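Here the structure is laid out as structure tokens; the discussion comes afterwards.
The values are calculated or read from the model by the stated rules, or taken from the named source; none is laboratory data. Predicted, not measured: the structure shown is a model, and the values here were computed from it. Positions of Cβ are backbone-derived with ideal geometry, glycine not excepted, and every protein chain shown enters the neighbour counts.
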Amino acid sequence: MFKPTLIYPLLGMLVFVLFCHSGHAQESKIDSSEMKTLRIDPQSARGAAVSQIFDEVEFIPLETTKESLFGSIAEFDLTDSCYVIFDYDTRGVFIFNRDGKFQGRINASSLPKEENEKEPQNFWGFQLRKEGDRSLIQIQSRKYAIFFDTKGKLVKKVLHKDNKYRGEYTFSNGDQVQQGFRDNKTKDSTYYELAVLRDTVPVATYLPFDVKRYENDQFFGHGGVYDYRVQDELFFLTYYKTNIYKLTPKKLSLAYRIIFPAANTLPADFLSNPVYKGKRQEYFDANRDAIYALSGTYKFGNNLYFKTHSWGGSREKKFAFVYNLDNADLISLGNLEPDSLSHFLPVNDAGSGWDFSNRGFHKYDGTYLYTSYSSLAMFSFKEQSAGKNATYPPKLASYFKSENKKSNPVLIRLKPKKN
């Protein structure tokens, strides 16, 4: 069953992403002059064959050893030579080459011991940083940003105040994008959902908020920044809105306003009316079809990908979509029919598991989308496809011969059609 993400106990995590600077930020305006309104009924979405949506499908088993074994992919990124994965269960970062061979691991024991620290170190994710020709994996500890190479070897540690890497994304002009930014120069410290920084100083700040909102209210959601690989353009999503914003170095604009049927729509005053404050879970319990968040938003040619989130879930609910901006055709990604392109294996576990409904696509690299599911699901799907006379490529055939349902998850790499 889908488990929503509860955001209000966020203050501990904000320690690592909020910082002081030498300037004073002022709220920047949001441009809505080119906004497009999309009217979408999730239940009208149709199914399709895998080969109607994707041009290529590749299954990439991740090597299973005692050192590399992990549960599921909570966070995923990639370099030119490897995949980097964070697993919540083991609190570890696992590094595999592009063929799925294990090449390194970072866990709490990899972190250098900090002065006068009595409690063991831990961390909750990673970020990739480009430094010259090499990629580094950045881990946040209590005092430091700690950098490892793509073999998992320690490179350096830098005090947070001296760390030049502030954001989640860097524009071509060097400006960085950061979520959860604090303007420490105002009297009460103003916070912003999003900021564009130049040399740690904000050049644009958007969507101010009071950090005490996390103490006094409930925030369930996903959202965030999505890179769909158009230079200097990002999609941005925020709490309790079905708006898709576009961020560039110059402005934040409202790109798409999605209108869902009444049963899927939050009240217009959901954020402002005090009757909902602290009682949002009660509202979602009573209105289980209400869409409270979007995620996984990418655009390929004429096709807009996105995922919706509502309270609870069922295997019949349609939640992930491809919407054609030219003809309004709506396809449910949870209802794709396996065919010969996918070796008669599903390209996500919707209808069987919960990985795709919880996390959707992990990443887009400019050519391919990435998702995953467990080996338990993979072997079950193979059994279900018996009689289809599927022909497996050597890597997948070897996996089915040597691995089992307890092996590491399998990556699925998909090349989406653009029109």
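Please verify whether Gly278 is touching a strand residue (DSSP E or B) at 6+ places or on another chain (Cβ under 6 Å) and either in a loop (DSSP other than H, G, I, E, B) or under 30 Å from Leu234 (Cβ atoms) (or both), treating the condition exactly as stated.
no
What are the residues in the stretch 60-82 that are within 19 Å of Leu369 (Cβ to Cβ), of a type in the set (Ser, Thr, Tyr) and more than 15 Å from the chain's Cα centre (by Cα), if any?
Matches in the stretch 60-82: Thr79 only.
Looking only at the stretch 281-326, filter to residues that are in a strand (DSSP E or B) and charged (D, E, K, R); which one of those is surrounded by the fewest Cβ atoms within 10 Å (Cβ to Cβ)?
Result: Lys307.
Please specify each residue of the stretch 149-162 satisfying the condition of being more than 22 Å from the chain's Cα centre (by Cα) and either under 18 Å from Asp77 (Cα atoms) or charged (D, E, K, R) (or both).
Asp149, Lys151, Gly152, Lys153, Lys156, Lys157, Lys161, Asp162
Here is a list: Phe319, Phe306, Phe270. Which entry is more than 30 Å from Phe59 (Cβ to Cβ) and among the aromatic types (Phe, Trp, Tyr)?
That would be Phe270, the only listed residue that is more than 30 Å from Phe59 (Cβ to Cβ) and among the aromatic types (Phe, Trp, Tyr).
Pick from Ser385, Ser402, Ser380, Ser372: which is surrounded by 14 or more Cβ atoms within 10 Å (Cβ to Cβ) and without any contact (Cβ under 8 Å) to a residue 40 or more places away in the chain?
Ser380
Could you check the stretch 105-123 and list, in sequence order, the residues that are at pLDDT 85 or above and under 17 Å from Tyr88 (Cα atoms)?
Correct list: Arg105, Ile106, Asn107, Ala108, Ser109, Ser110, Leu111, Asn122, Phe123.
May I ask you to list the residues in the stretch 371-404 that are modelled with pLDDT under 95 and of a type in the set (Lys, Arg)?
Once the filter is applied, which keeps residues that are modelled with pLDDT under 95 and of a type in the set (Lys, Arg), the stretch 371-404 yields only Lys388.
Among the residues of the stretch 235-245, are any surrounded by fewer than 20 Cβ atoms within 10 Å (Cβ to Cβ) and in contact with a Ser or Thr (Cβ under 9 Å, 6 or more places away or on another chain)?
No, that holds for no residue.
Would you confirm whether any residue within the stretch 36-44 is without any contact (Cβ under 8 Å) to a residue 60 or more places away in the chain and either among the basic types (Lys, Arg) or under 30 Å from Ala397 (Cα atoms) (or both)?
no
Any residue at all in the stretch 348-355 that is of a type outside the set (Lys, Arg), in contact with a Pro (Cβ under 9 Å, 6 or more places away or on another chain) and surrounded by fewer than 18 Cβ atoms within 10 Å (Cβ to Cβ)?
Among the residues of the stretch 348-355, at least one is of a type outside the set (Lys, Arg), in contact with a Pro (Cβ under 9 Å, 6 or more places away or on another chain) and surrounded by fewer than 18 Cβ atoms within 10 Å (Cβ to Cβ), which makes the answer yes.
Every residue in the stretch 390-407 that is assigned to a loop (DSSP other than H, G, I, E, B) and within 22 Å of Ser352 (Cα to Cα), please.
Passing the criteria: Ala390, Tyr392, Glu403, Asn404, Lys405, Lys406, Ser407.
Residues are listed down the side, and each one gets a yes or a no for (1) among the basic types (Lys, Arg); (2) assigned to a strand (DSSP E or B); (3) crowded, with 18+ Cβ neighbours inside 10 Å:
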residue: Arg166; (1), (2), (3): yes, no, yes
residue: Gly174; (1), (2), (3): no, no, no
residue: Tyr191; (1), (2), (3): no, yes, yes
residue: Val196; (1), (2), (3): no, yes, yes
residue: Pro202; (1), (2), (3): no, yes, yes
residue: Tyr206; (1), (2), (3): no, yes, yes
residue: Val211; (1), (2), (3): no, no, no
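Tell me the residue from Gln103, Gln121 that is over 30 Å from Leu304 (Cβ atoms) and touching a helix residue (DSSP H, G or I) at 6+ places or on another chain (Cβ under 6 Å), please.
Answer to the check: Gln121.
Every residue in the stretch 219-237 that is at pLDDT 95 or above and outside any strand (DSSP E or B), please.
Within the stretch 219-237, Asp227, Tyr228, Arg229, Val230, Gln231, Asp232, Glu233 meet the criteria.
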